[in-house]
Amino acid sequence: MSTPLFLLASDHPAIQALLEGLAAQLDTGFSHSLQYVDEGALVAFDASGELAVQRAGSKEKPIVVDFVGGKAGHRRKFGGGKGQDIAKAVGLNKGVKPSVLDATGGLGRDAFVLASLGCNVTLIERSPVVAALLADGLRRALEDSDVAPIAQQMSLLPGNAIELMGASDNQYDVVYLDPMFPHREKSALVKKEMRLFQDLLGDDPDANQLLQPALDLARYRVVVKRPRLAPDLNGQAPTYRLEGKACRYDIYALKAFSG
Ligand SMILES: C[S@@+](CC[C@H](N)C(=O)[O-])C[C@H]1O[C@@H](n2cnc3c(N)ncnc32)[C@H](O)[C@@H]1O
């Protein structure tokens with residue numbers, strides 16, 4: 001993690017358990033008031049029953065994983081179904097519901113879209129803070145009767161995907177990769193949240209090392225999400241690409257789904 005993180009104790013048992021897990025993993029103690037946190041430092045805290053991360057003293061929206069409301073809820077209700085590029089990229093348009101290993105889970109947005117379209121998705125996330133945010137988002141999703149069936153199709157595996165994929169006994173139909181890529185845009189509001197996320201995580205300098213273990217593990221294909229103009233992961237050209245407005249999906253096909 002590139003920026004230090006402060007933890008604010010909570011009365012909420014599930015959130016406090018996640019914060020205590022973070023305290024142990026990051027070898028850091030609790031602050032009992034924002035007063036003692038340096039302005040600009042990152043803070044993990046209980047925002048009305050949701051685990052949140054924010055910059056101290058900032059008015060920006062905190063990072064929270066919310067699969068029930070917000071953008072995820074909207075996309076679940078009104079999203080493009082199997083016609084979306086991400087759905088085509090994993091093969092959902094071939095009449096199959098592949099099992100997916102999302103080896104770079106992040107805030108779980110892509111995983112949630114795939115789970116809401118019927119895939120079983122295992123998410124790996126190596127940042128303890130992001131994994132805690134995901135665990136909290138899944139906890140709340142499981143408490144919502146509409147979203148629980150989707151959340152039940154998602155499981156979280158904290159750890160480094162390069163190691164976990166190499167040691168995995170399970171195979172997955174598709175391995176999905178979306179490592180961080182340095183963002184240069186400084187303008188739009190949406191990018192603010194991304195900047196906070198990048199301050200929390202930094203870049204993924206070892207991203208190229210994800211490709212080979214993914215190719216070894218996947219049954220049918222590896223899908224790599226990239227910014228539109230980014231170079232190929234590990235300099236390896238995919239079998240084909242799906243190009244969208246904001247990003248592209250590089251597909252490394254291993255076997256046909258119908259085969
Ligand atoms: C761009 S974000 C992924 C966003 C995600 N697709 C979503 O929809 O929310 C990349 C994430 O992958 C994680 N990551 C990168 N390399 C990893 C690795 N080797 N093992 C596990 N997680 C990794 C980073 O910590 C970060 O949270």
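The values are calculated or read from the model by the stated rules, or taken from the named source; none is laboratory data. Bear in mind the structure is a predicted one, so any value in this text is a computation, not a measurement. Glycine gets a Cβ as well: all are built from the backbone with ideal geometry, and neighbour counts include every protein chain shown.
Structure summary
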item: Any hit, the stretch 59-73, residues being small (Gly, Ala, Ser), within 15 Å of LEU133 (Cβ to Cβ) and touching a Gly at 6+ places or on another chain (Cβ under 9 Å); result: yes
item: Selection within the stretch 155-169 - among the aliphatic types (A, V, I, L, M), within 11 Å of ALA131 (Cα to Cα) and out of contact with any Gly (no Cβ under 8 Å at 6 or more places or on another chain); result: LEU157
item: First in the stretch 220-237 and over 19 Å from ASP110 (Cα atoms), second anywhere and of a type in the set (Gly, Ala, Ser) and within 14 Å of the ligand (Cβ to nearest atom), Cβ under 9 Å, 6 or more apart; result: ASN234/ALA207
item: Residues that are surrounded by 18 or more Cβ atoms within 10 Å (Cβ to Cβ), assigned to a loop (DSSP other than H, G, I, E, B) and of a type in the set (Gly, Ala, Ser), drawn from the stretch 28-85; result: ALA56
item: Qualifying residues in the stretch 128-186 (those that are closer than 24 Å to VAL43 by Cβ and small (Gly, Ala, Ser)) - the one surrounded by the fewest Cβ atoms within 10 Å (Cβ to Cβ); result: ALA135
item: Unique residue being at pLDDT 95 or above, more than 16 Å from the ligand (Cβ to nearest atom) and either part of a loop (DSSP other than H, G, I, E, B) or not assigned by TED's automatic domain parsing to the domain that holds ASP110 (or both) when the list is ALA237, ALA188; result: ALA237
